[in-house]
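Student: Pasting a structure here, questions to come.
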Amino acid sequence: MYYFSDNDINFKNLTVRGTYYNKLKMTWERKTFPLPDVLYDRCGSVRWHTQEIRKLFSKLGIPSINAQNYFDKWDIHLNLLEMEETRAHLPMTIRYCCQDDLKAFIMMYGKVYIKSVNGRRGKKVMRVTRIPNRGYQYSYYVNGLVVGTVRRFQDFIKTARPFFHDNDHVIIQQAIPLMQIGDRSVDFRAEVQRNGQGELEIVGICARIGHPNSPITTHSEAYRFEEFFQDHLNYSEEKTVRLRKKVEDFLLNVYDCMEKNYGPFGEIGIDFGLDEHEKIWFIECNAKSAKVSLKKAYDDKTLQRAFINPLEYARYIYNYE
């Protein structure tokens, strides 16, 4: 096993200048390797050079742990909409076409989210709320929480346009009625992976409590699913187990839909919400989960499992597929 960046590929010789761990010397060293048998793509870059490497590996038949390295939120929405098992979990969503669509959507739902279809790690997500007789309140996260209020819709448009840039593809989404702890929203991140036998495992489900008035919970406190419901909401063990089973069924249905539409995945981070009636709402899928919430909420053994599973799945791909 070795690590490399997009600058370490020699296209002419089809070799990689990789970093590996020398067990005898107990040090990290670099040397030249042949191209990998299986790729674990953790690179978030979408620049031309990186895309060319992905194309080369695909052309040479080098399998990747994940069939796709990023997700388009609108494309996922359309695919989940086609499946009966997932359709009921989707908030109302439309593709942004013009300002009139956005204004009508805000008037209809009162609170909406505006998202870039390819935004990552909570970036390019803005929440806007219509405040009767006072205008529009907006919030987003860029190196910290930004909250503002404007009187007129056109003033809001001036604020939002540079945030997403004119060439970004954008969706507009009904705000999910998430569980609240005071003025803090709660959502969930599930780490779903395939293990060394190619079987699915739900490694952990984390409850994430966001900052006050924040539109996202990425930069948040995190708790194990059972700990959150039993300690924060005083659920009984029986009620918690029943709810978790319902959530796990939902997660497996989403995973199944993703694989039917895109191909096999070794891991997907799935974000979802629950409302006060325990209805499950889909938020998004992540092809490169940073596992930050898992680290905050779970023990070292669980975290280690989350990092070992993709490597064992890579060996499974090499041996059996």
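Student: Select one label from [x] 204; [y] 161; [z] 130: the one whose number is volume of the Cα convex hull per residue in Å³ as derived from the coordinates shown.
Tutor: This structure yields the entry labelled [y].
Student: What FRET efficiency would be calculated for the residue pair CYS97, SER5, taking the C-beta separation as r and a Förster radius of 25 Å, to the nearest 0.05? Walk me through the intermediate numbers first.
Tutor: On the way: r = 39 Å, r/R0 = 1.54.
Efficiency at R0 = 25 Å is approximately 0.05.
Student: How would CYS97, CYS257, CYS43, CYS285 line up from fewest to most surrounding beta-carbon atoms within 10 angstrom?
Tutor: Numbers: CYS97 10, CYS257 20, CYS43 16, CYS285 24.
With the fewest neighbours first, CYS97, CYS257, CYS43, CYS285 line up as CYS97, CYS43, CYS257, CYS285.
Student: Order of HIS277, HIS169 from fewest to most other C-beta atoms within 10 Å? Working shown, then result.
Tutor: Numbers: HIS277 6, HIS169 14.
Ordered by Cβ neighbours within 10 Å, fewest first: HIS277, HIS169.
Student: If I model a spin label at LEU24 and ASP300 as a point 7 Å from the Cα along the Cα→Cβ vector, what separation in nanometres do I get?
Tutor: Taking the simple label geometry, LEU24 and ASP300 are separated by 2.9 nm.
Student: Cut-off is 10 Å between beta-carbons; in what order do HIS232, HIS77 appear when sorted fewest neighbours first? Before the final figure, lay out each step's value.
Tutor: Working: HIS232 14, HIS77 19.
Neighbour counts put them in this order, fewest first: HIS232, HIS77.
Student: Let me ask something additional. Efficiency by 1/(1 + (r/R0)^6): what FRET value for GLU321 and LYS31, r their Cβ-Cβ distance, R0 = 25 Å, to the nearest 0.05? Display every interim value, and only then the final one.
Tutor: Values: r = 28 Å, r/R0 = 1.12.
About 0.35, to the nearest 0.05.
Student: Between GLU237 and ILE308, how high is the FRET efficiency from 1/(1 + (r/R0)^6) when r is the Cβ-Cβ distance and R₀ = 22 Å? Nearest 0.05. Kindly include the intermediate steps, with their values, before the conclusion.
Tutor: Values: r = 29 Å, r/R0 = 1.32.
E(calc), rounded to 0.05, equals 0.15.
Just so you know, all these numbers are worked out from the coordinates, no wet-lab data involved. In this text the structure is predicted, and so the values were computed from the model without any measurement. Cβ sites come from the backbone with ideal geometry, for glycine too, and all protein chains shown count toward neighbours.
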